[in-house]
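Asker: Take a look at the following structure, please.
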Amino acid sequence: MIDLRSDTVTRPTPAMLASMTAAQTGDDVWGDDPTVLRLQAATAERADKEAGLFFPSGTQSNLAALMAHCGRGDEYIVGQLAHTYRYEGGGAAVLGSIQPQPIENAPDGSLPLAKIGAAIKPIDDHFARTRLLALENTIGGKVLPAGYVTDAVQLARSRGLTTHLDGARACNAAVASAQSIAALCAPFDSISICFSKGLGAPVGSVLVGSKALIDNAHRWRKVLGGGMRQSGLLAAACLYALEHNVARLAEDHANAAHLAERLEQIEQVKVQSHATNMVFAEFPQEHCAPLEAWLKERGILTQMLYASRFVTHMDVTRADIDTFVASVQQYFTR
Ligand SMILES: *Cc1c(COP(=O)(O)O)cnc(C)c1O
């Protein structure tokens, strides 16, 4: 199968599996799983932060971070399109008693500074206490402009807010903008990094930040049910990914650019945008369902809705992309 639905679909390679079966484990709830400790330290080092904490999912890592930054009745400023606001079941409000203050994202994924400034509430018992600014990078595949990030974080700081980055694809952002992961993470108090996206691990995210913030998040991870036992087995896959699969993301980005270029040559298709490992394209509405079925019969998995998203990853080759584009072409000329 050629699966272009997401970069979460990658399967562990034999080398990654070997690193998992060779992993030394302990009981991470007791804090003595050496492989988890190694992953946390290695990720913190790459991000140039004091400490790291391993989570089963990015959703839980983001939520524990929000709960470490904000208390009950506090508020965080976030984009309408942000994963933590839109795609995590409202967890901040439901489980954290944290009120989101969503702001319309600009087309480049940023939150306009004037809107952030205007959304920060005065200190007054009428209002929730605005505590945190949360950004996402990449967002919809796009890398936030570095100058923008500096300005947004500076604004947040000057108004007494802390900052969190949903860096599920921070490594994609770093590779695409030729920055180190540390440089990308530097402005933020906390960053959540996924290993189960383009980095190719089956499971896992690491939250990085100051020792004090991570200690606080550690308590919330336990409360949220994220304390795991011999999780060194999983951490080994993430360590393998960190050591072997970061630089190769450039290949996924080049493949996405190639995919966009090839799709643009099909008259019925309108490519809306492409950045890092994602391509967004429009297909005539009436063709979406039949085309999705046509592709599936040919071993190609897509989500062929209006404004479809195609994601490249380590299990998709350049040849797979050409096969996909040829099948779309065939469909329209059949
Ligand atoms: C995937 C993703 C997450 C976390 O998702 P999980 O499936 O819970 O690991 C968070 N933020 C963004 C932007 C994501 O793409």
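The values are calculated or read from the model by the stated rules, or taken from the named source; none is laboratory data. Owing to the predicted nature of the structure, the values given are computational and were not obtained by experimental measurement. Cβ atoms come from the backbone with ideal geometry, glycine included; neighbour counts cover every protein chain shown. Ligands, DNA and RNA are excluded from the accessible area calculation, which covers all protein heavy atoms including side chains. Shrake-Rupley method; radii C 1.70, N 1.55, O 1.52, S 1.80 Å.
Asker: For the stretch 22-35, which positions are open to solvent by 20 Å² or more (accessible area, probe 1.4 Å) and either of a type in the set (Val, Ile, Thr) or in contact with a helix residue (DSSP H, G or I) (Cβ under 9 Å, 6 or more places away or on another chain) (or both)? Before you say what the answer is, go through the steps one by one.
Answerer: Keep residues of the stretch 22-35 that are open to solvent by 20 Å² or more (accessible area, probe 1.4 Å), which gives 22-25, 27, 29-32, 34.
Scanning the stretch 22-35 gives Ala22, Ala23, Gln24, Thr25, Val29, Gly31, Pro34.
Asker: Continuing with this model, one more query. Given the criterion farther than 27 Å from Thr163 by Cα and not basic (Lys, Arg), identify the matching residue among Ala235, Ala256. So that I can check it myself, show each step before the final result.
Answerer: Details: Ala235 fails: farther than 27 Å from Thr163 by Cα.
Only one candidate passes the filter, namely Ala256.
Asker: Kindly list, by first and then second residue, each pair from a residue in the stretch 138-154 that is assigned by the TED database to the domain that holds Pro107 to a residue that is more than 12 Å from the ligand (Cβ to nearest atom) and of a type in the set (Val, Ile, Thr), limited to pairs with Cβ atoms under 9 Å and residues at least 6 apart or on different chains.
Answerer: Gly141/Val279; Ala152/Ile116; Ala152/Thr163; Val153/Thr163
Asker: Continuing with this model, one more query. Which residues, counting only those in the stretch 195-230, are within 21 Å of the chain's Cα centre (by Cα), of a type in the set (S, T, N, Q) and more than 26 Å from Ala275 (Cβ to Cβ)?
Answerer: Ser210
Asker: Consider the stretch 36-50. How many of its residues are farther than 13 Å from Ile193 by Cβ and either crowded, with 21+ Cβ neighbours inside 10 Å or in contact with a Lys or Arg (Cβ under 9 Å, 6 or more places away or on another chain) (or both)?
Answerer: 2
Asker: Another question, if that's okay. Could you count how many residues in the stretch 124-147 are at pLDDT 95 or above, farther than 21 Å from Ser61 by Cβ and of a type in the set (A, V, I, L, M)?
Answerer: Of the residues in that region, 1 qualify.
Asker: Does Asp48 satisfy the criteria of being out of contact with any Cys (no Cβ under 8 Å at 6 or more places or on another chain) and of a type in the set (Asp, Glu)? Before the answer, list the steps.
Answerer: Numbers: out of contact with any Cys (no Cβ under 8 Å at 6 or more places or on another chain): no; of a type in the set (Asp, Glu): yes.
No: the conditions fail for Asp48.
Asker: Given the criterion without any contact (Cβ under 8 Å) to a residue 40 or more places away in the chain and crowded, with 20+ Cβ neighbours inside 10 Å, identify the matching residue among Gly96, Gly79.
Answerer: The conditions single out Gly96.
Asker: A follow-up question, please. If you go through the stretch 166-222, how many residues are under 22 Å from Ala237 (Cβ atoms), among the basic types (Lys, Arg) and not in a loop (DSSP other than H, G, I, E, B)? Reasoning before the result, please.
Answerer: Start the filter on the stretch 166-222 by keeping residues that are under 22 Å from Ala237 (Cβ atoms), which leaves 166-175, 181, 185, 191-208, 214, 217-218, 221.
The next check asks that each one be among the basic types (Lys, Arg); those that pass are 169, 197, 221.
Add one more test, that the residue is not in a loop (DSSP other than H, G, I, E, B), and what stays is 221.
Going through the stretch 166-222 one residue at a time, the tally reaches 1.
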